[in-house]
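Undergrad: One structure follows; several queries about it will come next.
The values are calculated or read from the model by the stated rules, or taken from the named source; none is laboratory data. Please read all numbers here as calculations on a predicted model, not as lab measurements. Quick reminder, even Gly has a Cβ in these numbers, built from the backbone with ideal geometry, and neighbours come from all protein chains shown. For accessibility, only protein heavy atoms count, side chains too; no ligands or nucleic acids. Shrake-Rupley method; radii C 1.70, N 1.55, O 1.52, S 1.80 Å.
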Amino acid sequence: MHELSRMSSPEVGAAAATGAALIVPIGSTEQHGAHLPLTVDTTIAQFCAQTLTRARPAQTVLAPTLPYGASGEHAAFPGTLSIGQAALEIVVVELGRSATDTFSKVFIICGHGGNFETLRRALRTLRDESRNVGLWMCNSGGDAHAGHSETSIMRQIQPNHVQMSRAQLGNIRPVAELMPAMIAGGLSAVSANGVLGDPTGATAQVGAQLLAKMTTRMISAFDDWYA
């Protein structure tokens with residue numbers, strides 16, 4: 001696995017000359033209930049990116065992870081650090097422009113669903129400039145935020161960072177029903193504990209299964225895009 005943080009400039013240039021794509025993980029720093037750390041989305045994005053670069057070592061170079069995103073809907077909860085949509089869009093556009101000075105291909109892996117629309121706008125700008133940039137959103141399915149799915153995944157990736165004794169049932173209504181209230185008042189308007197779903201029965205075994213399915217889809221999507 002080639003990691004940009006451990007490579008010299010000539011080594012990066014040599015890898016880029018072979019057609020390797022720069023893999024850029026993007027996450028967020030936002031509350032995930034009382035039982036999970038604020039870095040869940042960043043951790044998942046980084047795990048997926050590392051999995052991809054291990055699976056395709058000759059075709060990839062792993063960039064450092066961007067741990068901030070557009071998380072304004074979580075602003076009512078302590079610890080959330082959001083740079084907002086406008087700043088994220090500028091960061092991704094400028095990062096993409098800079099990265100394509102070296103790499104012919106850039107593939108973004110994002111762990112925070114709230115970044116999607118912003119990333120889509122940024123990629124449209126970059127593609128209009130004839131830059132080859134791809135995007136994969138880490139979506140495991142299941143409940144929406146800090147629930148069974150994300151808690152299971154974190155129990156598999158970082159079990160020491162999960163406090164199951166603090167896990168509480170959140171709002172389990174479909175997200176589509178909650179969206180109008182969330183747009184108007186943020187996540188706190190629909191969930192006092194910051195959870196959407198039920199994390200109480202989450203297990204590492206389920207997390208491993210979810211990760212296997214998600215990363216298999218990711219690698220397939222990367223192969224299609226790279227080709």
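Undergrad: Among residues other than Gly142 whose Cβ falls under 13 Å from its Cβ, what is the net charge (Lys/Arg +1, Asp/Glu -1)?
TA: Net charge in that neighbourhood comes out at -2.
Undergrad: With springs only between Cα atoms under 10 Å, which of Val175, Val40, Val24 fluctuates most in a Gaussian network model of the chain?
TA: Val175
Undergrad: Which one of Gly72, Leu4, Ile26 has its Cα pushed farthest toward the positive end of the charge dipole of region 2-124, where Lys and Arg give +1 and Asp and Glu give -1 at the Cβ?
TA: With unit charges placed on the Cβ atoms, the residue in question is Leu4.
Undergrad: Mind running the shape call on region 31-125? Use the C-alpha gyration tensor, a ≥ b ≥ c as the square roots of the eigenvalues: rounded below 1.5 for a/c, prolate if a/b tops b/c, oblate otherwise. Intermediate results must be reported in sequence, preceding the final value.
TA: Working: a/c = 2.77, a/b = 1.37, b/c = 2.02.
Cα axes put region 31-125 in the oblate bin.
Undergrad: Treat every Asp and Glu Cβ in the chain as -1 and every Lys and Arg Cβ as +1, leave all other atoms uncharged, and give the resulting dipole magnitude about the Cα centre to the nearest 20 debye. Before the final figure, lay out the partial values.
TA: On the way: 15 positive and 17 negative charges, 67 e Å.
With Lys and Arg at +1 and Asp and Glu at -1, about 320 debye.
Undergrad: For Thr60, which sequence-distant residues (separation of 5 or more, or a different chain) have an amide H within less than 5 Å of its own amide H, given hydrogens modelled in the peptide plane?
TA: Amide H to amide H, under 5 Å and 5 or more residues apart or across chains, Thr60 pairs with Ala21.
Undergrad: Using a 1.4 angstrom probe, figure out how much accessible area region 1-118 has per residue, in square angstrom, rounded to the nearest whole.
TA: Details: 4700 Å² over 118 residues.
So region 1-118 comes to 40 Å² accessible per residue, rounded to a whole number.
Undergrad: Treating the angle as unsigned and between 0 and 90°, give the value, to the nearest 10°, between the Cα long axis of helix 148-157 and the longest Cα principal axis of the chain.
TA: Long axis of 148-157 versus the principal axis of the chain: about 50 degrees.
Undergrad: Nearest 0.05, what FRET efficiency do Arg97 and Met1 give at R0 = 30 Å with Cβ-Cβ as r? Could you put the intermediate results ahead of the total?
TA: Values: r = 25 Å, r/R0 = 0.85.
Plugging the Cβ-Cβ distance into 1/(1 + (r/R0)^6) gives 0.75.
Undergrad: Have a look at region 76-159 and give its Rg and Dmax from the Cα atoms, expressed in angstrom.
TA: Considering region 76-159 through its Cα atoms, Rg and Dmax are 15.2, 43 Å.
Undergrad: Sticking with this structure for a sec: Nearest 10 degrees is fine. How inclined is helix 84-99 to the longest principal axis of the chain, computing both from alpha carbons?
TA: 20 degrees
Undergrad: I'd like to check one number: the per residue accessible area of region 134-222, probe 1.4 Å, reported in Å² as a whole number. Write down the numbers at each step before the final one.
TA: Numbers: 4380 Å² over 89 residues.
With the other protein chains kept in place, region 134-222 gives 49 Å² per residue.
Undergrad: Additional query: Which one is right for this structure if percent of Cα pairs over 33 Å apart is calculated from it: (1) 17; (2) 9; (3) 35?
TA: (1)
Undergrad: Distance between the C-alpha centers of region 193-211 and region 139-162? Whole Å please.
TA: 4 Å
Undergrad: Here's a follow-up. Run the accessible area of region 2-142 with a 1.4 Å probe and give the carbon-and-sulfur part as a rounded percent. Can you show the working numbers first?
TA: On the way: 3190 of 5930 Å².
Taking all protein chains in place, region 2-142 shows 54 percent carbon and sulfur surface.
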